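Please read the structure below before turning to the comments.
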Amino acid sequence: MRSQAPPVLDAVHRLVTPESVEFEFPLAGLYSRALAWLIDRIAIALFFIGALFALYLVLAAAPQLASATAFVLYFVLDWGYSMLFETLWRGQTPGKRVMGLRVLRESGVRVGFEQAALRNLARAVDGLPFLYAVGGLFALFTGKSQRLGDLLAGTIVVRERALEQ
């Protein structure tokens, strides 16, 4: 049974299979994506603060080593968090899960490590000059609300829908 068409203002990604079966994916907007990003940043910060506390307790006698280890830990957290979660949680980070969002390939299948890594490594450019201005502009002016990382990885961010019973 075909679901009701989304409102006109909602962006939708449509796929038609060779068997003429049509799939529609409602695209996530900038606001929901920004909230998911904020939730993820808070989660990273909380984890980092907890890890810092433990690190400085363990390495109290070597403050330079603790500082260097903290720097490496933050780098790993900042770059690895999204890649890890998007790969293992089928395109979701905790923030995306809370907001009901998911990253998919444009073909409609789940992302793999390659796509998660590529889209998240491009965050260095998407985040310029501050607060994802470049990524936000790309998302505003592409038909599928894709930031630069999404364009490079061939991914889209969609809103999940509840299954009809």
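Structure notes:
- Qualifying residue in region 150-164 (condition: within 20 Å of ALA43 (Cβ to Cβ), open to solvent by 20 Å² or more (accessible area, probe 1.4 Å) and modelled with pLDDT under 95): yes
- Qualifying residue in region 138-145 (condition: on the phi > 0 side of the Ramachandran plot, crowded, with 17+ Cβ neighbours inside 10 Å and touching a strand residue (DSSP E or B) at 6+ places or on another chain (Cβ under 9 Å)): yes
- Positions within region 71-87 being under 22 Å from VAL158 (Cα atoms) and either aliphatic (A, V, I, L, M) or over 12 Å from the mean Cα position of the chain (by Cα) (or both), in sequence order: MET83, LEU84
- Filtered residues of region 18-50 (kept if surrounded by 10 or more Cβ atoms within 10 Å (Cβ to Cβ), without any contact (Cβ under 8 Å) to a residue 24 or more places away in the chain and in contact with a strand residue (DSSP E or B) (Cβ under 9 Å, 6 or more places away or on another chain)): GLU24
The values are calculated or read from the model by the stated rules, or taken from the named source; none is laboratory data. As the structure is a prediction and not an experimental result, all values here were calculated from the model. Counting neighbours? That spans all protein chains shown, and the Cβs are built from the backbone with ideal geometry, glycine included. The accessibility values were calculated without ligands, DNA or RNA, using every heavy atom of the protein model including side chains. Shrake-Rupley method; radii C 1.70, N 1.55, O 1.52, S 1.80 Å.
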